[in-house]
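The block underneath contains the structure these notes are about, expressed in structure tokens.
Please treat every number below as a calculation from the coordinates, not as lab data. Here the structure is a predicted model, which means the values were calculated and not measured. In this analysis, Cβ positions are derived from the backbone assuming ideal geometry, glycine residues included, and neighbour counts consider all displayed protein chains.
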Amino acid sequence: MIRKTAAAAAAVCIYSCLCSCAAHAIDSAAVEIGYGDDRTVLLRLSVQELWQKEMRLGQAWRLAGYWDVSAALWDNPDASTADIGLTPVFRFERERLYVEAAIGMHLVQRRISQHRVFSTAFQFGDHIGIGMRARDYDAGIALQHLSNASIRHPNPGINFILLRYQHYLR
């Protein structure tokens with residue numbers, strides 16, 4: 001219980017620091033919940049800075065993107081883990097529909113569960129997702145994989161399915 005409380009407090013503290021440091025650049029904020037390997041439940045809070053440029057891809061599609069700065073708490077029956085990340089996200093948009101893909105960097109506590117221990121705290125986090133955007137928010141679903149890309153062994157990695165709600169502040 002103490003470990004879970006400490007990890008939750010660390011995630012909230014990191015998230016608060018990220019928000020205050022980047023307050024001038026925050027365009028949106030998001031919350032994600034997910035489920036992954038070893039019955040791991042994820043709660044992630046993040047802030048985004050939208051890219052100023054976008055590119056037209058034919059008549060209907062455009063390529064846009066954003067920087068995502070996140071703090072997360074992972075929990076399963078064996079352990080609790082904290083994670084912070086920085087991810088550039090590429091988003092292909094058509095009217096209200098979007099498809100996105102990303103590869104970012106995460107710092108993760110190494111012990112994930114009794115059966116899963118990362119050999120490095122540094123992990124790459126890639127995801128692919130789809131969603132719908134309204135005027136002030138969007139909602140989506142994504143598949144995410146985190147691993148160290150075999151920088152060091154063992155490299156068990158972990159996979160999540162994520163539900164995301166993002167609210168635009170500007």
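Worth a mention:
- For the stretch 37-170, the Cα-based Rg and Dmax, in that order, read 15.9, 51 Å.
- Rounded to the nearest whole Hz, the Karplus-based 3J(HN,Hα) values (6.51 cos²θ - 1.76 cosθ + 1.60, θ = phi - 60°) of the stretch 135-140 follow the sequence 5, 9, 8, 9, 9, x, with x at glycine and proline.
- Dipole of the stretch 2-168 [Lys/Arg +1, Asp/Glu -1 at C-beta], most positive-end residue of LEU63, HIS127, VAL99: HIS127
- Length-normalised contact order of the chain in % [C-alpha pairs under 8 Å, at least 6 apart]: 20 percent
- Cα-projected label distance for ASP78 with ALA101, points at 7 Å along beta-carbon direction, nm: 3.2 nm
- Fully extended contour minus Cα-Cα distance, from ARG94 to GLN52, at 0.36 nm per residue: 13.4 nm
- Efficiency of FRET between ALA134 and LEU86 - r from beta-carbon atoms, R0 41 angstrom, step 0.05: 0.95
- GNM remark for the chain: springs join alpha carbons under 10 Å apart, and the peak mean-square fluctuation among ILE103, ILE151, ILE26 falls on ILE151.
- Straightening the chain between VAL41 and ILE141 buys 34.5 nm, computed as 0.36 nm per residue apart minus the Cα-Cα spacing.
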